[in-house]
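The values are calculated or read from the model by the stated rules, or taken from the named source; none is laboratory data. Computed from a predicted model, the values in this text were never measured in an experiment. Note: ideal-geometry Cβ built from the backbone for every residue, glycine included; neighbour counts use all protein chains shown.
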Amino acid sequence: MCLLHTIIFHRTTGKYVGNGKGFQIGSVGFKDVNCKTIPLTYIMTESQQLHASVQEHVTQFKKQFKHGTRTLNLEFYQKKRGRWFSGDEQIPWEVWSIDFNVVEPVESANPSESIISVMISVAEAVNNQKTFLPKTPQKSDLGLVFDCSYQDVQPYNFRIQIPSQSGFSLKKILRDVSMS
């Protein structure tokens, strides 16, 4: 959960509000969260709606993941208006694949150290000047880039998915073919 919230925090803006001349962007509140199972503190947005959405995906993932190795994908995408018969196309612009591996606990191991290392890597990656971010669209097209359904924040459009265990995903293949 801490990795998802860390990434999403960096891909969230305050609520866009039109002010006649353009936009005024609200602020993104944040709060520190102490993990219950390991000694680690991370930040997340104060948005209860966004937290509930992430929590729902994490709970679903935990139910399906009992042992072994599994991957969770966090994908940010931009919508492109399709033709009248095809609807909007969702074009990914950033994908995070997080691999989880259940191992037997070792008394000397401290998992928080490796998670902190990953969180630092996330912060470095999202703050890189070369990182692509979609341009802010006109007010009427905000929903093509941002998820405007939250009351207090606007994250970039995202989805959290558990890839199929077989490694074969028809949806993924079709998306790859449509982008080439």
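Among F146, F132, which is the only one that is aromatic (F, W, Y) and within 19 Å of G26 (Cβ to Cβ)? Show your work before the answer.
Values: F132 fails: within 19 Å of G26 (Cβ to Cβ).
Answer to the selection: F146.
Any residue in the range 82-102 that is closer than 20 Å to R11 by Cα and small (G, A, S) sitting within a Cβ distance under 8 Å of a residue that is at pLDDT 85 or above and surrounded by 11 or more Cβ atoms within 10 Å (Cβ to Cβ)? List the pairs, counting only those 6 or more apart or interchain.
Here the result reads S97/T71; S97/L72; S97/N73, each pair linking the range 82-102 to a residue that is at pLDDT 85 or above and surrounded by 11 or more Cβ atoms within 10 Å (Cβ to Cβ).
In the range 46-87, what count of residues is obtained for those that are touching a Phe, Trp or Tyr at 6+ places or on another chain (Cβ under 9 Å), loosely packed, with under 15 Cβ neighbours inside 10 Å and under 26 Å from D152 (Cα atoms)?
Matching residues across the range 46-87 total 2.
Modelled with pLDDT under 90, in a strand (DSSP E or B) and of a type in the set (V, I, T): which single residue out of V95, V17, V103 fits that description? Give the derivation first.
Values: V95 fails: modelled with pLDDT under 90; V103 fails: in a strand (DSSP E or B).
It is V17.
Pick from I25, I43: which is surrounded by fewer than 17 Cβ atoms within 10 Å (Cβ to Cβ), over 12 Å from the mean Cα position of the chain (by Cα), at pLDDT 85 or above and closer than 24 Å to I162 by Cα?
Testing whether each residue is surrounded by fewer than 17 Cβ atoms within 10 Å (Cβ to Cβ), over 12 Å from the mean Cα position of the chain (by Cα), at pLDDT 85 or above and closer than 24 Å to I162 by Cα leaves just I43.
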